[in-house]
Amino acid sequence: MPRQIEQRVTCPYCGEPQTILIDPSVMQQSYIEDCQVCCRPIEFQVEVSADGEDVSIMTMTDNE
Ligand SMILES: [Zn+2]
């Protein structure tokens, strides 16, 4: 079963913290998921290091 990394991010619309799960086997991924609080679409851009230990996440509003 693939390991998943739990990360905390902040919604760019309402500023509320979100918990998302990252699949570290994909080194570059971007996707859109609705905020768990305000339900607006957050665009996530995720980069995972080669060893799968280091994850960086950028969050953007859909219309930027
Ligand atoms: Zn929100």
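Please turn the phi angles of region 41-54 into ³J(HN,Hα) values with the Karplus equation 6.51 cos²θ - 1.76 cosθ + 1.60 (θ = phi - 60°), one per residue in order, whole Hz, x for glycine and proline.
For region 41-54, the Karplus-derived couplings read x, 9, 8, 9, 10, 10, 10, 10, 5, 4, 7, x, 9, 10 Hz, x marking Gly and Pro.
Go ahead and run the numbers for FRET between residue 5 and residue 37, Cβ-Cβ distance against an R0 of 22 Å, rounding to 0.05.
Details: r = 22 Å, r/R0 = 0.98.
After rounding, the FRET efficiency stands at 0.55.
Tell me, what is the percent relative contact order of the chain, built from C-alpha pairs under 8 Å that lie six or more residues apart?
Values: 119 pairs, mean separation 17.8, N = 64.
RCO, the chain: 28 percent.
Show me the ranking of peptides 14-22, 41-49 by mean Cβ neighbours inside 10 Å, starting with the highest. Let's see the in-between values first.
Values: 14-22: 12.8, 41-49: 16.7.
Answer by packing, highest mean first, reads 41-49, 14-22.
Per the Kirkwood definition applied to all pairs of different Cα atoms, how many angstroms is the hydrodynamic radius of region 1-56?
11.9
Please find the FRET efficiency linking residue 51 to residue 30, where r is the Cβ-Cβ separation and R0 is fixed at 25 Å, and quote it to the nearest 0.05.
Efficiency for this residue pair is about 0.75.
In the neighborhood of residue 24, defined by Cβ-to-Cβ distances under 10 Å, what is the net charge if each Lys or Arg adds +1 and each Asp or Glu adds -1?
Charge balance near residue 24 sits at -3.
In whole Hz, with x marking every Gly and Pro, tabulate ³J(HN,Hα) for region 26-33 from phi via Karplus 6.51 cos²θ - 1.76 cosθ + 1.60, θ = phi - 60°.
10, 6, 10, 8, 9, 7, 10, 9
For the pair residue 13 and residue 62, how long in nm is the line joining their label points, each one 7 Å along Cα→Cβ?
Rounded to a tenth, the inter-label distance reads 0.7 nm.
Pull up all non-local amide H partners of residue 40: gap of 5 or more, or a different chain, and H-to-H distance under 5 Å with H placed in the peptide plane.
When sequence neighbours closer than 5 places are left aside, the close amide H contacts are 35.
No lab work stands behind these numbers, since they all come straight from the coordinates. This structure is a prediction, so every number in the text was calculated from the model and none was measured. For neighbour counting, all protein chains shown are included, and Cβ atoms are generated from backbone atoms with ideal geometry for every residue, glycine included.
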